[in-house]
Number of protein chains: 2
Amino acid sequence: MRLAVIGIGLMGGSLALSLKKKGFVHHVIGVDPNEHHQEQALALGIVDEIMTLDKAIESADLIAIATPVNIAEQLLPMVLNQVNQQVVFDLGSTKESIVHIANAHSKKGRFVPTHPMWGTEFSGPAAAQSDAFVEKATVICNKEQVDQDALELVEKLYQQLGMHILYMNAIEHDIHVAYVSHISHITSFALANTVLEKEKESDAIFELASGGFESTVRLAKSNAEMWVPIFMQNKENVLDVLNEHISQLRKFKASLEKENFEYLFELIHNANQIKRILK
Amino acid sequence: MRLAVIGIGLMGGSLALSLKKKGFVHHVIGVDPNEHHQEQALALGIVDEIMTLDKAIESADLIAIATPVNIAEQLLPMVLNQVNQQVVFDLGSTKESIVHIANAHSKKGRFVPTHPMWGTEFSGPAAAQSDAFVEKATVICNKEQVDQDALELVEKLYQQLGMHILYMNAIEHDIHVAYVSHISHITSFALANTVLEKEKESDAIFELASGGFESTVRLAKSNAEMWVPIFMQNKENVLDVLNEHISQLRKFKASLEKENFEYLFELIHNANQIKRILK
C-alpha cells in the first residue's frame, strides 16, 4: 500500500511512522510546502520521497490530509478532482465544515472524514511519534455517505493502529470536541497569559511552578497555525462552552467574595465527580 | 531522630515515608483523628505508632504539621505551648496567616513555616509516596524569625529530600502561589463543572476525552477539605488572579465573536511564550 501524506507535521508524520511500523503501508509519499519539513521528514525516515500534490495523488492508493483544518478545506476539492479509485481521509479536529465541502463534490464517496483523538502540544515532523494513536479513540463521521471499500480501508487502518472507532455525525462531533478538547486549549492559553502578565513583575514565581501548574498550562505551547482555524471553524460551539466556563469561574469568584464556604465546597465536590470519568 | 507527623494524609504520609527511606528519621509517630487513616498508616509502614497530640509532641524531636491549613492554624499555638527544644514546621500551601499566628507566640523561634511544592490530586495515607518531593522546590518563609538550630534542621531535612530551597516572605509567597498553583486548581474545578454540566445531555463525549483534556482536568479530583481553606486564606490574591484569568478568557471570547483572526493569533503566540519557562 502506497500512502501519500499531505502535511508532514506532528499528525501526518506520526501517522506515516505508525503505519509503516505496523506494515500497513510500505511506501510513504510526502507533500509539504515547507522545505525544512521536507528535509526533516526524509532524514527521519517519515517519508520515502517528496512529490508535488498532483504526482502524489496519482502515485498513491491512500491519501491522508493532515494539514491545519483551513488548508484541508481548500485542498479537499482539488484532491477529489484528481482521484479515481484512491481513498482520501483527513485527520482534522473539526468535521462539519469539511463534510459540507465534501458533500458538494461528485466524488464524495471516496472521502472518509475522520478525527483521531491523539496529539501533543508540539508540532512539525520532529515531533512525530511511531507509537502514536495506540488505545485512543478515533471518530469517523457521516459514514453512510462514504463508499463501502473506502470506509473499510480506513477502518482497517485505525484498527491496525490500535484505535477504538466511534461513529457520529459531523455536527455532533463538533459539539463534543468543543467540550473535551477545544475548551481545554483555550483555558490553557488564557492561563499562560494570566501568569505571563504577572511575570513582568516577578521572575521568581516560576521557580515555584509545580506539577499541577505544568499540567494545566502544558497545552498553551500548542501551535497557533493549527488552533486558530479550529476555533474559527468551531466558533459557535466553542463560544457556547467558553460562556459556560466563564460562568462556572464566576461561581468560584462569587463564593470567595461572599466567603460562602458551603457553596465553595459544593462547587468542588461537584467537580470531583470527574473521577467517575477520568480514572 | 524521632518525627511526629500531625495529619497523616498525602503530604504527611509522603514526608514520613521519604524521610525514613533517606534515614533522616528512624521513628515516626502519627497523630490523626481519623481512625481509618491511623490503621492505614500503620499497615503501610508510614508510621511506627499512633499517639495523642500531647504525647507525640513530648516524644518527638521534630514535629511536622501536615493538616489542612485551617486546622494547622488552630493547632500551631497548642503545639508551641508544649514545645521546649523541639523543632516544629508546617507544609501548608498558604503562609501569611500561619506566620501571623506564630508571631503572636513567645516560642515562634521554634516554628519554621515551609511549603514543599509537591502534591498530587489524591489524598489520604494510601496516596503517600516514598519518592515524593525529589527535585522540586520548597519554600521557607520569614527565616529571620526562626531560631538558627531550627532553621538548619529543616534546611537539612529538605536537602535530604533532594529539594531546592527558596526563601521568601510569607506575603510574597502567597501572591506567587495564587498564580502558579491556586488558579490552576480553580480553572480545573471550573472546567470539570463545565463539562459535567454538558454530560447531563450526553455520555458519549467522554469517550472522546484525550490526553489534553485529562491533563487540564486532572486537578479537579483534588480534595475540597484541603482546598477550601487554602482559597479562603488566600482569598485576596486568588481573587486578583481569578479576575485577571476571566479577563484573559474574555479576550478569547471577543476575538472569536468578532472573528478577529489576527488578535486570536496574537493571544496564542503570547501564550506560547510559556515555553520559555516550561520545557
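The values are calculated or read from the model by the stated rules, or taken from the named source; none is laboratory data. Worth saying up front: this structure is predicted, and the values here are computed from it rather than measured. Cβ placement follows ideal geometry from the backbone for every residue including glycine, while neighbour counts extend to all protein chains displayed. All accessible areas refer to the heavy atoms of the entire protein, side chains included, with ligands and DNA or RNA removed. Shrake-Rupley method; radii C 1.70, N 1.55, O 1.52, S 1.80 Å.
A few notes on this one:
- Positive-end residue, chain B charge dipole about Cα centroid, Cβ charges, pick of B:A43, B:A190, B:V83: B:V83
- In this entry, segment A:30-141 is assigned a mean projected area of 7.1 nm², taken as a quarter of its C-alpha convex hull surface.
- Among the GluC sites (Glu not before Pro) in segment B:90-169, those located in a DSSP loop and surrounded by at most 14 other Cβ atoms within 10 Å of their own Cβ are B:E135.
- Cα-centred dipole magnitude for the protein assembly as shown, charges only on beta-carbon of K, R (+1) and D, E (-1), debye, nearest 20: 380 debye
- Relative contact order for segment B:1-70, counting Cα pairs under 8 Å that sit 6 or more residues apart, in percent: 46 percent
- For segment B:173-276, the solvent-accessible area of protein heavy atoms averages 34 Å² per residue (probe radius 1.4 Å; ligands and nucleic acids excluded).
- Each other residue within a Cβ distance under 14 Å of B:T216 adds +1 if Lys or Arg and -1 if Asp or Glu, for a net charge of 0.
- Exceedance of the 18 Å cut-off in Cα-Cα distance is limited, within the set B:K221/B:K253; A:K108/A:K143; B:K136/B:K156; B:K22/B:K136, to B:K221/B:K253.
- Whole-number D in µm²/s for chain A (Stokes-Einstein; Kirkwood sum over Cα pairs; 20 °C, 1.002 mPa s): 105 µm²/s
- Between 0 and 90 degrees, the angle of helix B:10-21 with respect to the longest Cα principal axis of chain B falls at about 50 degrees.
- Zero-based 10 Å bins, Cα pair distances in segment A:173-276, whole percents: 12, 34, 38, 15, 1
- Carbon + sulfur, % of accessible area of the protein assembly as shown - ligands and nucleic acids excluded, 1.4 Å: 49 percent
- Short-range pairs are left out: with C-alpha atoms under 8 Å and at least six residues apart, the relative contact order of segment A:1-160 is 27 percent.
- B:I246 exposes around 10 Å² of accessible area when a 1.4 Å probe is run over every protein chain in place.
- Rounded to the nearest 10 Å², the accessible area of A:R218 at probe 1.4 Å: 60 Å²
- Among beta bridges that DSSP assigns inside chain A, antiparallel share in %, nearest 5: 10 percent
- Solvent-accessible area of A:T52 with every protein chain in place, 1.4 Å probe, in Å² to the nearest 10: 90 Å²
- On Cα atoms only, tilt of A:235-257 relative to the major axis of chain A in degrees: 20 degrees
- Highest-fluctuation residue, A:L17, A:L196, A:L76 considered, GNM on chain A with Cα pairs under 10 Å: A:L196
- Residues of segment A:1-160: accessible area per residue with a 1.4 Å probe, Å²: 41 Å²
- Remark: label point of A:R2 defined 7 Å out from Cα along the Cα-Cβ vector; separations to the same position in other copies 8.1 nm, ascending.
- Relative contact order, percent, chain B [alpha-carbon distance under 8 Å, six or more residues apart]: 17 percent
- A:D61 label point (Cα plus 7 Å toward Cβ) to equivalent points in the other copies: 7.2 nm, shortest first.
- Projected area, mean over directions - segment A:101-246, Cα convex hull, nm²: 11.1 nm²
- Sorted from shortest to longest, the distances between the B:A43 label points of this copy and the other copies are 5.6 nm, with each point 7 Å from Cα along the line through the beta carbon.
- Structure-based [θ]222 nm, chain A - -39500 (n - 2.57) summed over DSSP H runs of at least 4, per residue, nearest 500: -15500 deg cm²/dmol
- Buried between B and A is an accessible area of approximately 8400 Å², summed over both sides with a 1.4 Å probe.
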